[in-house]
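> This is the structure I want to talk about, given as structure tokens.
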Amino acid sequence: MNIARPLRLLLVMALGVTAVRLWGGALSAASPAVVLIDSVLYDGYALNDADEAVRLINVGDSAVELGGWRLSDGASSAALPPVILAPGAMVWLTGNAEAFREQFGHNADVTLGSWPGFSNAGDEVLLLDADGKPVDALVYLGGNTGLAGWQGDAVEPYRVSGLFAAEGQVLYRQRDQVTGRIVSDTDSAADWAQETSSAIDGRKVRYPGWETERFFFPAVITATATLTIAVAPDNAFVTLRREVDNTDTSIRLSSLMLENVAFGEALAAAARRGVEVTILLEGSPPGGITDQERFVCDHIEKAGGACWFMIADSDHRIHDRYRFMHAKYMVIDDRVAAIGSENFSPDSLPDDDKSDGTWGRRGVFLLTDAPGVAAHLAAVFADDLDTAHSDIHRWSAADSVYGAPPPGFVPVTTTGGDGYAVRFPAPLTIPGVHAFEIVQSPENALRDVDGLLGLIGHAGQGDRLLIQQLSERPYWGTTSSNPMADPNPRLEAAITAARRGATVRLMLDSYFDDPSSPVGNAATCAYVNGIGRAERLSLRCELGNPTGLGIHNKMVLARIDGRGYVHVGSINGTELSNKGNREMALQVQSDEAYAYLAGMFLGDVERVAYLPLAMANFRGAANHVLISEIVYDTTGPDEAEFVELYNPTGLPVDMNGYGLSDAVYQTDFEDMRLFPPGVVIPPYGTLVVTISAAAFRAEFGASPDLEIVDSDPAVPDMIDDPAWGDPEALFQLANSGDEVLLWRIGLLDVVTYGNGYHSAVVGCPLLAPPARSLQRDPYWDDTDNCPRDFRGWPFPSPGRVP
């Protein structure tokens, strides 16, 4: 028997096995004890599943002696040695110590002399006491659900094609989010983390080598410290390099990739002056390791640093613990921590002269000298880089994959550009007492009592959420699923906050996005904006690329009860990122940090960059097409009057199914006109509808987009809806007053003036000369109050918003 972690497992062994003293005093026999099967690896990675393992836990109040107990699959069994299991203690059992250690990275607590073996197709895992009575049971997949001590369906591994496999998956019990203890045992699949009824506490995975219990709770740290905000591509390179240049003793860096030659040179220079430089990178990033990264690691290694990779190698049965080593952080001198959204790449961290602008990815790093933050990151780094795990591999010049680039390779050293005018030439540093929370995947990113979901869960009436994200899927699971079957808990939490009255705005990347994908950002915006429109919520989603090479940020900003919060890191809105990758994010309460980054966010919103950072009752832009200008009384013929529509969203809007009317009710003797097929309003674009294109052109010297009567074959005609109003009537706006209504299934927008009336809005008075046009100002805002939303203006501007 091996005893790897005696402080966790308090064992007393007999029969010639090493004895371990029970810490904490004498055994208690006063309270009943309960031992449960806590975890099961039935389909291992090792040859012939030699690494199969079962973990037991004592959830009772007194110690339990396991001597004479048996572990069984219903057909065969293995005897347990006389182990005394203390309250709260856990013990890993296996039949092959070497195979277990190879996959888990540590010794099993007890190696049994024989092993029952568990079928990959399904089986029963039984724990029997010394009298042969059942103590606990687990039935999985095709096992016998009629077994005494089991209720209902069998447990199934949580599987998503291409993401989470059954092979290597450890079935384990759910923990209570508040206490960390196992939830009440019901002898059913509902007790297990893989169950699917809950998108938060269920649908989880676990694989060998994960420290799920150790990092179950987000680290919470309050400290007097500085908080520095570095913005990419503006100043992040200079800020991070300055920290490297000022390092005295050690640098630990974790990232998906390290391809920035200038940053690599700074790390190599630190190594040459005696700094211990240790790098941990993903061994199989998308597209594979580049020669550029090999060059950077070669440079660092030759200077005395070390590049390590977390790898997978099927030929040698090496399985990496996480799908991707995706966290992006540094620990400097065990004192300063930097956590961000960006890989250490030339596109995210351009080192060009910023005086004429730059070009790169939008992202953020948070840096702090709070000791607890650095200590926590150092602990995670040490755990991930523990060479007891077979997936840790050191760079070697001769290695064809994890080694030097080919001879003569010339790296790319030109970065940046001049297409984006730098808005943040220097970082912001905020001293003070800060409350930090460290959220990490795969252990604790999906908790709704704290962390990100807990924060969003507190947002309500009058609060605001600003979300800037590389990827936020409309739903999880397979691409053929849907938000009802496989909700994205992050997105649904934001939508629920909007339903509670919060203003919620999402800006998602358009540069990397596939607009045809059902789980892409365009699909997310369509889903979110549809809900916002249907429920009339202050909820809006748009696509963006403010700095040229995409939004790579993973940032959530919250203003709740007047206080500002910032969440920044590597965690994006995919299921893999939250459940299967190594990810890291820092969450902090700081009004100054919130204000600074909210300014960045609003400045990144195309065409609304001038919006004030703080405004009473600020709602943000509408999330649907608006009536933006009305000219009802022209200087020439009335046939030149027009209505302009504006799309304030970041997505094109297909006008199929939309209608424009001057009739409030279907029985009114007025008109409804439908938009012909193929009419689309581009993002932030306009459509101008007039009665006669010929009259409009004569009046304004330009062509409209659509007309009511056919005066110009080059201008598409609106289509009469014969089921609405008077088929003989034309859409005409009365000079004395009228209503202009935009429909799609239901009423979408309405503006009234003069003696026009609609119960849903406040109307405008008739225009007084010299005003000739009702213009929405600002053009993106809608309060259903015409005097507030519109201005009377003497200069009509069809096709151009103010």
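> How many Å³ per residue does the convex hull of the Cα positions in region 437-604 occupy?
On the way: hull volume 17.6 nm³, N = 168.
Roughly 105 Å³ of hull volume per residue.
> Once a ≥ b ≥ c are taken as the square roots of the eigenvalues of the Cα gyration tensor of region 252-339, is the result rounded (a/c under 1.5), prolate (a/b larger than b/c) or oblate (a/b not larger than b/c)? Walk me through the numbers on the way to the answer.
Working: a/c = 1.95, a/b = 1.53, b/c = 1.27.
Prolate is the answer for region 252-339, as a/c is 1.5 or above and a/b outweighs b/c.
> Please report the antiparallel percentage of the DSSP beta bridges confined to region 465-568, to the nearest 5. Walk me through the intermediate numbers first.
Values: 12 of 23 bridges.
Looking only at bridges with both residues in region 465-568, the antiparallel portion is about 50 percent.
> Continuing with the same structure: When ranked by the protection proxy of mean other Cβ atoms within 10 Å per residue, highest first, what sequence do the peptides 74-84, 103-113 form?
Working: 74-84: 17.7, 103-113: 20.6.
Ranked from most to least packed, the peptides come out as 103-113, 74-84.
> Give me the orientation-averaged projected area of the Cα convex hull of region 233-302, in nm², one decimal. All intermediate terms of the calculation are to be shown ahead of the outcome.
Numbers: hull surface 18.6 nm².
Averaging across all directions leaves 4.6 nm² for the Cα convex hull.
> Translational diffusion coefficient, Stokes-Einstein: compute it for region 310-438 using the Kirkwood radius over C-alpha pairs as Rh, at 25 °C and 0.890 mPa s, and state it as an integer in µm² s⁻¹. Could the numbers behind the result be given before it?
On the way: Rh = 18.0 Å.
It comes out at roughly 136 µm²/s.
> Okay, moving on. Let's see if you can work this out: charge +1 on each Lys and Arg Cβ, -1 on each Asp and Glu Cβ, no other charges. What is the dipole magnitude of region 223-394 about its Cα centre, in debye to the nearest 20?
200 debye
> What residue among Val336, Ala375, Val296 has its Cα farthest toward the positive end of the dipole of region 223-394, where the charges are +1 on Lys, Arg and -1 on Asp, Glu, each on the Cβ?
Final value for the positive-end residue is Ala375.
> Quick one: P(r) of the chain from all Cα-Cα pairs, 20 Å bins, percents rounded to integers, in order of increasing distance.
Bin by bin from 0 Å, the calculated values are 15, 39, 30, 14, 3, 0.
> Turning to a different aspect of this structure: Where does region 35-191 land on Rg/Rh, using Cα atoms and the Kirkwood Rh? Before the final figure, lay out each step's value.
Values: Rg = 14.8 Å, Rh = 15.9 Å.
Expressed as Rg/Rh, it is 0.94.
> To the nearest 500 deg cm²/dmol, what mean residue ellipticity at 222 nm is calculated for the chain from DSSP H runs of n ≥ 4 alone, each contributing -39,500 (n - 2.57), summed and divided by the residues?
Numbers: 12 runs with 119 residues, N = 802.
It comes out at -4500 deg cm²/dmol, rounded to the nearest 500.
> Then there is this: For the chain, with only Lys/Arg (+1) and Asp/Glu (-1) charged at the beta-carbon, what is the dipole magnitude about the Cα centre, in debye rounded to 20?
The dipole of the chain has a size of about 2400 debye.
> Would you kindly compute the Cα radius of gyration of region 290-380 and its largest Cα-Cα separation (Dmax), both in Å?
Calculated on Cα positions, Rg and Dmax stand at 16.2, 51 Å.
> On to the next question. What order, most packed first, do the peptides 394-401, 651-658 have when packing is the mean number of other Cβ atoms within 10 Å of each residue? Walk me through the intermediate numbers first.
Values: 394-401: 13.0, 651-658: 17.0.
Taking the mean over residues of other Cβ atoms within 10 Å, the ranking is 651-658, 394-401.
> Also, I was wondering about something else. Can you give me the C-alpha center-to-center distance between region 347-380 and region 528-594, rounded to a whole angstrom?
Here the two parts' Cα centres lie 17 Å apart.
> Here's a follow-up. For region 145-278, what is the Kirkwood estimate of the hydrodynamic radius, computed as the reciprocal of the mean inverse distance between distinct Cα atoms, to one decimal in Å?
Numbers: mean 1/r = 0.0514 Å⁻¹.
Computed over region 145-278, the radius equals 19.5 Å.
> Starting with the highest mean, order 279-285, 145-151, 300-306 by the number of other Cβ atoms within 10 Å, averaged over the residues of each peptide.
Values: 279-285: 22.3, 145-151: 14.3, 300-306: 18.9.
The most tightly packed comes first, giving 279-285, 300-306, 145-151.
> Ratio of region 626-793's C-alpha Rg to 2.2 N^0.38 Å, to two decimals?
Working: Rg = 14.7 Å, N = 168, 2.2 N^0.38 = 15.4 Å.
Normalised Cα radius of gyration, region 626-793: 0.95.
> Moving to a separate point now. Out of residues 5 or more away from Tyr322 or on other chains, whose amide H comes under 5 Å of its own, with H placed 1.01 Å from N in the peptide plane?
Distant-sequence amide H within range of Tyr322: zero hits.
> Here's a follow-up. Roughly how big is region 237-284's charge dipole about its Cα centre, with Cβ charges of +1 (Lys, Arg) and -1 (Asp, Glu), in debye to the nearest 20? All intermediate terms of the calculation are to be shown ahead of the outcome.
Working: 5 positive and 7 negative charges, 23 e Å.
Computed charge dipole of region 237-284: roughly 120 debye.
> Which one of Pro286, Ala271, Gly363 is farthest out on the positive end of the charge dipole of region 223-394, using unit charges on Cβ (Lys, Arg +1; Asp, Glu -1) and the Cα centre as origin?
About the Cα centre, the residue reaching furthest to the positive side is Gly363.
> Given axes a ≥ b ≥ c from the Cα gyration tensor, I'd like to know whether region 106-158 is rounded (a/c under 1.5), prolate (a/b larger than b/c) or oblate. Let's see the in-between values first.
Details: a/c = 2.20, a/b = 1.26, b/c = 1.74.
Note, shape of region 106-158 comes out oblate.
> For region 223-394, place one equal point scatterer on every Cα, skip the solvent, and apply the Debye formula. What is log10 of I(q)/I(0) at q = 0.08, 0.13, 0.15 Å⁻¹?
Cα-only, vacuum Debye calculation for region 223-394: -0.23, -0.61, -0.82.
> If you take the charge dipole of the chain about its Cα centre, with +1 on Lys and Arg Cβ and -1 on Asp and Glu Cβ, which of Val205, Ala130, Asn48 is farthest toward its positive end?
Looking along the dipole axis, the top candidate is Ala130.
> Let me ask you something else. Return a whole-number percent for the relative contact order of the chain, with Cα pairs under 8 Å and 6 or more residues apart as the contact set. Kindly include the intermediate steps, with their values, before the conclusion.
On the way: 2036 pairs, mean separation 66.5, N = 802.
After rounding, I find 8 percent.
> Rounded, prolate or oblate: which fits region 475-550, taking a ≥ b ≥ c as square roots of the Cα gyration tensor eigenvalues, rounded meaning a/c under 1.5, else prolate when a/b beats b/c?
Oblate, since a/c reaches 1.5 and b/c is not below a/b.
> Okay, moving on. Taking amide H positions as placed 1.01 Å from N in the peptide plane, with prolines and chain starts having none, which residues 5 or more places from Phe436, or on another chain, fall under 5 Å of its amide H?
Residues meeting the amide H criterion: Ile221, Thr222, Ala223.
> Please report how far the C-alpha centroid of region 138-164 lies from that of region 396-450, rounded to the nearest whole angstrom.
40 Å
All of the numbers you see were taken from the coordinates with simple rules; none came from a lab. As the structure is a prediction and not an experimental result, all values here were calculated from the model. Methodologically, a virtual Cβ is constructed for each residue, glycine included, from the backbone with ideal geometry; neighbour enumeration extends over all protein chains shown.
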